[in-house]
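First comes the structure, then the notes that go with it.
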Amino acid sequence: MKEKASKEVKRIIVMIAASLILAVDTQTFVRTGGLIPGGAMGLTVLLQGVFDKYLGIYVPYTPVNIILNAIPVYIGFRFIGKKFTLHSLGVILLTGIFTDLIPTVVITYDPLLIAIFGGLINGLAIAMCLNVDCTTGGTDFISIFMSQKKGSDTFNIILLINTIILITAGLIFGWDKALYSILFQYASTEVIHVLYKRYQKQTMLIVTDKPQEISQKIYEVAHHGTTIIKAQGGYTGEERYLIYSVVSSDEVKKVMEIVDEAGGTAFVNAIRTEDFLGNFYHRPNS
């Protein structure tokens, strides 16, 4: 119970921090560079720009962002998880409030620096949320839903969807802004790939003399089955066993710890898995 409460407090702290980072990123890099970040956030900024340019009307960030997130939030409640979606809704609301409260601050006018560092910060905030089982809203909901269905990372598909949004922005505000926005989105996506590994897979090859003990522990901790193959040391000629299993990339460290705790003679090789067919356990979003 205490561990669960501690996890919830950590999640709330991360949610607030990530929302603040997103708001600061929007009011510094995004506003200064006239960028469109993609997703619901990008559409919100795009609509704000359209209303300001053609109607001379300032539209607050929060209400527009909430309206645009209505369908993604429904997808979250329906297919991903209620608790996950509620926390994500909290991030959406906090980000909107912080964005409306924080004034625009100029750090640099260099469009390349704005696109790269703005994208890196944006990706960091998104990854922070994803790693505590919530999201910043918009296309993140769609990406997670698709990742669960496909069993693999689909953030590159979302990059393609966002590129379409950015092309629309290019037609309205100019192609230089759109192209820098694509750089922004690419940098953001790459950071997410590095920091969020839940839907990436690794093939584990473990040579050991304690196959049953290690296999049982892997199942208990990671909920993944294993295949045990009889083997022989090429140099010593001694009998060994090869344990084969595929786990999520964020579970590799746990498997390494299991092998280390088991003791005995062991050799572990983790290989990135590009494609996979068969049953695979994904921890549900909570």
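Contact map, the stretch 37-50: first residue in the same structural domain as I66 (by TED's automatic domain parsing) and without any contact (Cβ under 8 Å) to a residue 60 or more places away in the chain, second residue assigned to a helix (DSSP H, G or I) and crowded, with 24+ Cβ neighbours inside 10 Å, Cβ cut-off under 6 Å, separation 6 or more or different chains; pairs are T44/N65.
Here V64, V9, V14, V30 are screened, and the one residue that is surrounded by 17 or more Cβ atoms within 10 Å (Cβ to Cβ) and without any contact (Cβ under 8 Å) to a residue 60 or more places away in the chain is V64.
Filtered by the rule that a residue be part of a loop (DSSP other than H, G, I, E, B) and closer than 16 Å to S188 by Cα, the stretch 25-43 gives L35, I36, P37, G38. Taking the criterion of being more than 20 Å from V14 (Cα to Cα), among the polar types (S, T, N, Q) and in a helix (DSSP H, G or I), would at least one residue in the stretch 81-100 satisfy it? Looking for residues that are more than 20 Å from V14 (Cα to Cα), among the polar types (S, T, N, Q) and in a helix (DSSP H, G or I), one finds none in the stretch 81-100, hence no. In the set (1) closer than 30 Å to G123 by Cα; (2) in contact with a Pro (Cβ under 9 Å, 6 or more places away or on another chain); (3) outside the structural domain of L130 (by TED's automatic domain parsing), the condition left unmet by V255 is number (2). When L20, L46 are checked against the criterion of being more than 17 Å from the chain's Cα centre (by Cα) and either at pLDDT 90 or above or assigned to a loop (DSSP other than H, G, I, E, B) (or both), a single residue qualifies: L20.
Yes or no, residue by residue, for (1) in the same structural domain as I144 (by TED's automatic domain parsing); (2) among the hydroxyl-bearing types (S, T, Y); (3) within 23 Å of the chain's Cα centre (by Cα); (4) closer than 21 Å to K177 by Cα:
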{"position": "K53", "(1), (2), (3), (4)": "yes, no, no, yes"}
{"position": "P60", "(1), (2), (3), (4)": "yes, no, no, no"}
{"position": "L68", "(1), (2), (3), (4)": "yes, no, yes, no"}
{"position": "I71", "(1), (2), (3), (4)": "yes, no, yes, no"}
{"position": "T85", "(1), (2), (3), (4)": "yes, yes, yes, no"}
{"position": "L89", "(1), (2), (3), (4)": "yes, no, yes, no"}
{"position": "P103", "(1), (2), (3), (4)": "yes, no, no, no"}
{"position": "I114", "(1), (2), (3), (4)": "yes, no, yes, yes"}
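When only residues in the stretch 195-208 that are at pLDDT 85 or above and surrounded by fewer than 20 Cβ atoms within 10 Å (Cβ to Cβ) count, which is nearest to the chain's Cα centre (by Cα)? Within the stretch 195-208, the match that is nearest to the chain's Cα centre (by Cα) is L195. Would you confirm, using the coordinates I've provided, whether A178 is under 25 Å from the mean Cα position of the chain (by Cα), modelled with pLDDT of 80 or more and assigned to a helix (DSSP H, G or I)? For A178, the condition - under 25 Å from the mean Cα position of the chain (by Cα), modelled with pLDDT of 80 or more and assigned to a helix (DSSP H, G or I) - is met. Scanning the stretch 185-223 for residues that are touching a helix residue (DSSP H, G or I) at 6+ places or on another chain (Cβ under 6 Å) and assigned to a loop (DSSP other than H, G, I, E, B) yields Y196, K197, R198, Y199, Q200, K210. Contact annotation: residue pairs with Cβ atoms under 7 Å, 6 or more positions apart or on different chains, pairing a residue in the stretch 160-184 that is assigned by TED's automatic domain parsing to the domain that holds D25 and more than 10 Å from P37 (Cα to Cα) with a partner that is surrounded by 14 or more Cβ atoms within 10 Å (Cβ to Cβ) and basic (K, R), are A169/K177; G170/K177.
The values are calculated or read from the model by the stated rules, or taken from the named source; none is laboratory data. Not measured: the values here are computed from a predicted model. A quick note on method: Cβ atoms are made from the backbone with ideal geometry, for glycine too, and the neighbour counts reach across all protein chains shown.
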